[in-house]
Amino acid sequence: MNRKLILLLTLICISVCCYSQMQNSQSSLMGKKWIKKERYETNILEFSRDSIIDTSKYSLINKTVRYSKPYYLSDNIPTSFDFTKVGKPSQGKYLIDYNDRVHELEYCEIKALDDNKLILFYEQKDGYIGGADMTVTYTRMKLEYE
């Protein structure tokens, strides 16, 4: 009986620890820049309290595109974007943002987040032509004052 109780308590502790490790907080993203470099494109994500600034530099055509999107973190994928959550402290395993250019909610799963690396998983949307599930790894850009 004692062995079963100890085993059960151990499993509960492990579950709680694993779940808490999957939680990502908005404060872990804020004030940081993340970069992904490819052959002809460099992508930089900057997180503030209420927006993601996404900058893409295309070397072949010598063009830079920069846009800002409101965001929040969530434990689940909502059916619509909740603007009341923007700018408020949040945590979760999903990064939820609103793309103003196409007027729709976008999301990705945060697979890993630490001081040096941000890994995002984008799932192909139903009904969209082309594309595929994609995992993107960003490395942290150290700011001058760090």
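Derivation of every value follows stated rules applied to the coordinates shown; laboratory data play no part. Keep in mind that this is a model prediction, so the values were computed, not measured. Virtual Cβ from ideal backbone geometry, glycine too; neighbours counted across all protein chains shown.
Here are the numbers for the structure shown:
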{"read-out": "28 Å Cα-Cα threshold exceeded, pairs from K85/K117; K69/K125; K57/K85; K57/K117", "value": "K57/K85"}
{"read-out": "Stretchable slack from D54 to L105, in nm (0.36 nm times residue separation minus alpha-carbon distance)", "value": "16.8 nm"}
{"read-out": "Among T55, L73, S90 - extreme Cα towards positive end, dipole of segment 38-98, charges at beta-carbon", "value": "T55"}
{"read-out": "Cα gyration tensor shape of segment 56-146, rounded if a/c is under 1.5, else prolate or oblate by comparing a/b with b/c", "value": "rounded"}
{"read-out": "Per-residue HN-Hα couplings for segment 96-102 [Karplus 6.51, -1.76, 1.60; θ = phi - 60°; Hz; x = Gly/Pro]", "value": "10, 9, 10, 8, 5, 5, 10"}
{"read-out": "HN-Hα J in Hz across segment 58-75 - Karplus 6.51, -1.76, 1.60, θ = phi - 60°, x for Gly and Pro", "value": "10, 6, 5, 10, 6, 10, 10, 10, 9, 8, 10, 9, x, 8, 7, 9, 8, 7"}
{"read-out": "Förster radius 41 Å - calculated FRET efficiency between A112 and K63 (Cβ-Cβ, nearest 0.05)", "value": "0.85"}
{"read-out": "Under-5 Å amide H pairs with L29, H placed in peptide plane, nonlocal only", "value": "none"}
{"read-out": "Vicinal HN-Hα couplings computed from phi for segment 76-81 (Karplus, 6.51 cos²θ - 1.76 cosθ + 1.60; Hz; Gly/Pro x)", "value": "9, 8, x, 7, 9, 6"}
